[in-house]
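Visitor: I have a structure here, written as structure tokens, and I will follow up with some questions on it.
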Amino acid sequence: MTFSAVPAKNPAAAHVLVVDDEPLIRWSLSEVLSQDGHIVTEAGDAKETLRVVTRTANPPDVILLDYRLPDSNDLGLLAAIKRELPEIPIILMTAHGSPEIRAGALALGAYCVVSKPFEVQDLVTLVQQVRASVL
């Protein structure tokens with residue numbers, strides 16, 4: 001688990017949990033989100049994600065969640081997070097975005113589903129939009 005903080009440049013700065021098993025994706029999202037003033041926590045698998053979600057005094061404001069992880073390859077992790085933190089917006093990222101997965105994620109309460117590959121800056125913009133909609 002990695003934390004990074006930068007003084008807020010963004011009035012809608014958030015604590016963002018970035019969950020992806022690909023270190024380069026986690027790093028690039030974390031770097032750009034931190035540069036935008038967000039506090040970022042990283043997790044590389046479902047077990048670490050659940051630890052952050054259930055055992056932290058400072059829960060995330062937004063979660064960027066990869067659909068397929070080494071220990072999770074269905075919507076079970078999304079459902080578990082929503083049970084723990086029902087009000088937290090979750091952006092599901094997937095390279096396996098079938099209509100069934102998309103519909104299932106939205107039915108479980110995902111804010112939206114983003115197809116991989118994506119532009120990192122587009123996700124930063126999306127996090128800003130999510131924060132603006134809940135503030």
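The values are calculated or read from the model by the stated rules, or taken from the named source; none is laboratory data. Worth saying up front: this structure is predicted, and the values here are computed from it rather than measured. We place every Cβ from the backbone using ideal geometry, glycine too, and count neighbours over all the protein chains shown. Quick note on the areas: whole protein, heavy atoms, side chains included, nothing else; ligands and nucleic acids left out. Shrake-Rupley method; radii C 1.70, N 1.55, O 1.52, S 1.80 Å.
Visitor: For residues that are in a helix (DSSP H, G or I) and farther than 19 Å from residue 133 by Cβ, scanning just region 105-120, find the one that is least open to solvent (accessible area, probe 1.4 Å).
Guide: The qualifying residue least open to solvent (accessible area, probe 1.4 Å) is 120.
Visitor: Could you check region 121-135 and list, in sequence order, the residues that are of a type outside the set (S, T, N, Q) and exposed (fewer than 12 other Cβ atoms within 10 Å of the Cβ)?
Guide: 122, 132, 135
Visitor: Filter the helices (runs of 4 or more DSSP H) completely within region 18-104 down to those with at least 1 residues that are over 20 Å from residue 124 (Cβ atoms), in contact (Cβ under 8 Å) with a residue 24 or more places away in the chain and open to solvent by 40 Å² or more (accessible area, probe 1.4 Å).
Guide: Counting at least 1 such residues, we get 46-55, 76-84.
Visitor: Something else: Pairs only if they're at least six apart or on different chains, beta carbon under 6 angstrom, first in region 108-123 and within 14 Å of residue 67 (Cβ to Cβ) and among the basic types (Lys, Arg), second open to solvent by 50 Å² or more (accessible area, probe 1.4 Å) and part of a loop (DSSP other than H, G, I, E, B); list them, first residue then second.
Guide: 116/95
Visitor: Can you tell me which residue within region 1-17, out of those that are part of a loop (DSSP other than H, G, I, E, B) and at pLDDT 65 or above, is nearest to residue 71 (Cα to Cα)?
Guide: 14
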